[in-house]
Amino acid sequence: MAQPFFGGIHPNSRKSATNKKPIEILPPPEQVVIPMSMHIGAPCTPCVAVGDQVTVGQKVGETVAFVSSPIHASVSGKVVAVEPRPHFSGVPVMSVVIANDYNDTVCPDIQPVEKPEELTAEQLVEIVKNAGIVGMGGATFPTHIKISSSLGKVDTVIINASECESYITSDHRYMMEFPEEIIGGASILARAFGVDRVHIGIEDNKLNAAELLQMEIDKTKAPVVIDLMHTRYPQGAEKQLCQAITGRQVPPGALPAAIGCAVFNAVTTAAIYRAVYTGMPLTHRVVTVSGSGTNEPRNLFCPIGAPVKNLLDACGGVNKKTFKIIMGGPMMGHAQYDMEVPIGKGSNGILAFCEDEERTYEDPACIRCGKCMSVCPMKLMPVFMYQFERTGMLADLEKANVMDCIECGACAYICPGRLHLVQTFRTGKQKINNARAKAKAEAEAKAAKAAKEG
C-alpha cells in the first residue's frame, strides 16, 4: 500500500450511481462546436473555413505557439460557422462548428505506426503532438510538452488512475472495459523514458479495475506495476501522487520532473496507445453524467464538441429542482451558464444538483478554527491567504505561496464558515499575475525610453 500525503479529506464518493454502468455511446449530435481552446496554452487558429467538408480526425485547429495542442474534427460533415461560441470557461471562444453528416468518414491521412515497438522518444513526442493529446484528467496540459521536457530527467513514470473526485467514474469504467489500452500506453511510455517499470496509482475503492489491469499486465508481461492507495482526496493531484508512490515531495513552485517523476492520466495514456496503434487523434472521450439532478446517470462516450444538453437529454433529462450544472467534479468543476456549451478534451463529468443541496451562505464568516490548514495538501495557510486577498495585501498573499494552491477545494469543503476560499484564491492569483504583467510592461517601456534617449 502506498504511503499517505499530508492533509486531504474523505468526502462521500457517491460513485455507486455509475461505477457499475458500462460505457454507452452518445446518440450522434446534429452538430458539434469545437473550441479552439481546450488546453493550457495559446488557443489554436482555425485552419478550415465555412463551407469546407471535414472528416473525423482531420485537423481543424492549428497551433500558433510552443505551449499549445492541435485540435481535430470529431464528426464528419460541413463547417457551418467559424466564430466565437459559449465555452465551458465562461468566456466565448473562437470555435469551428460542424454540421454532422452522420457518416463518420475517417480522415484518409490517419494511419497506424508501422513498427510501434521501434519508436524513439522523439518520434513518440511528434505523434502525441500531432494527435492533440492533452491531460484528460482536467489539467489539459499538452502531453507532448510534458514528455519532451521530462526526457533524461525522469526515473519514475506514474499513471494516475486514482480518479478521486466524487461522482466521476469515467476513468474507472475505461479501465474496466479497455485495460489493454491503458497497459499498452504505459508500455509505450516505459520505452520512451527508458524505465524498467511504470507505476499505476489506483485507489482501493477500484479493486475490480486493479484486478483487470493486473490480468492484462500478466498476459502481456508489460513493465507495469499496480500501486494500491488508500482512498483519499486529492489523491489524484500529481504532486500528492508522487509523494504517495515514491515518498518524494515536489518543492514549492516546482514540477514533478524536479524529483524525477512524470505523471500521466490513465485515459491520456490510452489516448497515446490509440494514436500509436490506430493513428487516431484525440476526438472523443468518456464523460460521467451524474448527480442528484440527473434522472438516469450514465457514462457516455462522446464526440468532443457535443453540447452538454445532448448528454443530459441522453440521461433522461434533469430533475425540475436542479439548480446547478457543473462540468467536472464537485470539488474542482465549474458551474455552467449555457447548456449549449460543448464538451472539451478535459471534460470528465457533467453533474446536476438539486436545490436541497445548496449550502452557500450569503454572508460567510471565518471563525478562525484552522481546519483549512489541517487539510490543505500543499501545507498552505488558507485562513491567512483569504484575508490577504480580501484586504488587497497582494505581496503578503504571494509570500504565502498562493501560487502553489492546486485549487482542490479541500479547504472549502471542511470550512464551517462556508467561505468562498477557492474562488478567492483564483481571484488572488489573477491579481498577482496582472500585477506582474503590469510591472513587466512598465519596466520594458522604461528600458525602451532610456535606450531611445541614450
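Sorting check: for 370-380, 108-118, 286-296, which peptide has the highest mean count of neighbouring beta carbons within 10 Å, and how do the rest follow?
Highest mean packing first, the order is 286-296, 370-380, 108-118.
Rounded to the nearest Å, what's the spacing between the alpha carbon centres of the stretch 105-156 and the stretch 380-454? Just the number, please.
34
Once a ≥ b ≥ c are taken as the square roots of the eigenvalues of the Cα gyration tensor of the stretch 172-247, is the result rounded (a/c under 1.5), prolate (a/b larger than b/c) or oblate (a/b not larger than b/c)?
It is oblate, given that a/c is not under 1.5 and a/b is not larger than b/c.
Based on the alpha-carbon gyration tensor of the stretch 314-443, what equivalent-ellipsoid semi-axes (square roots of 5 times the eigenvalues) come out, in whole Å, largest first?
30, 20, 13
Within the stretch 315-454, how many Lys pairs sit with Cα atoms under 23 Å apart, leaving out pairs fewer than 8 places apart on the same chain?
Going through the stretch 315-454 pair by pair, I get 20.
Please list, in order, the residues from the stretch 366-398 whose amide nitrogen is less than 13 Å from a point placed 7 Å along the Cα→Cβ vector of LYS438.
Output list for this probe position: 392-395.
Under 1.5 on a/c is rounded, so check that first for the stretch 67-165, then, if it is not, pick prolate when a/b is larger than b/c and oblate when it is not; a ≥ b ≥ c are the square roots of the alpha carbon gyration tensor eigenvalues.
Oblate, because a/c is 1.5 or more while a/b does not exceed b/c.
Of the heavy-atom accessible surface of the stretch 72-137 (probe 1.4 angstrom), what whole percent is carbon and sulfur?
52
Quick check: pseudo-label points 7 Å beyond the Cα along Cα→Cβ at GLU118 and THR427, how many nm apart are they?
5.9
Calculate the dipole size of the chain relative to its Cα centre from +1 charges on Lys and Arg beta carbons and -1 charges on Asp and Glu beta carbons; express the result in debye to the nearest 20.
Numbers: 44 positive and 46 negative charges, 263 e Å.
It works out to roughly 1260 debye.
What shape does the stretch 16-132 have by the C-alpha gyration tensor, where a ≥ b ≥ c are the square roots of the eigenvalues, rounded means a/c under 1.5, and otherwise prolate means a/b greater than b/c and oblate the rest?
Judged from the Cα gyration tensor, the stretch 16-132 comes out rounded (a/c under 1.5).
Work out the charge dipole of the chain with +1 on the Cβ of Lys and Arg and -1 on the Cβ of Asp and Glu about the Cα centre, then indicate which of ALA306, HIS230, MET176 is farthest towards its positive end.
The residue sitting most towards the positive pole is HIS230.
Restricting attention to the alpha-carbon atoms of the chain, what are Rg (one decimal) and Dmax (integer), both in Å?
22.2, 73
On average, how much accessible surface per residue is there in the stretch 10-77, in Å², for a 1.4 Å probe, leaving out ligands, DNA and RNA?
Per-residue value: 45 Å².
If I model a spin label as a point 7 Å beyond the Cα along the Cα-Cβ vector, how far apart are those points for MET339 and ILE226 in nm?
Simple spin-label model gives 4.0 nm for this pair.
So which DSSP H runs in the chain come out at 18 Å plus along the axis (Cα) with average Kyte-Doolittle of at least 0.0?
The answer, listed by residue number, is 179-193.
Cross-link candidates for LYS20: which lysines have Cα within less than 19 Å, leaving aside residues fewer than 8 places away along the same chain?
Answer for LYS20, where 19 Å is the Cα cut-off: LYS206, listed by chain and number.
So in the chain, what percent of DSSP beta bridges are antiparallel if you round to the nearest 5?
Of the beta bridges lying entirely in the chain, close to 60 percent run antiparallel.
Please give every one of the lysines within straight-line cross-link reach of LYS221, meaning a C-alpha to C-alpha distance under 20 Å, and leave out same-chain neighbours fewer than 8 residues apart.
Candidates past the 8-residue exclusion: LYS115.
The values are calculated or read from the model by the stated rules, or taken from the named source; none is laboratory data. Given the structure is predicted, the values throughout are model-derived calculations rather than measurements. Heads up, the Cβs are rebuilt from the backbone with ideal geometry, glycines too, and the neighbour counts pull from every protein chain shown. Ligands, DNA and RNA are excluded from the accessible area calculation, which covers all protein heavy atoms including side chains. Shrake-Rupley method; radii C 1.70, N 1.55, O 1.52, S 1.80 Å.
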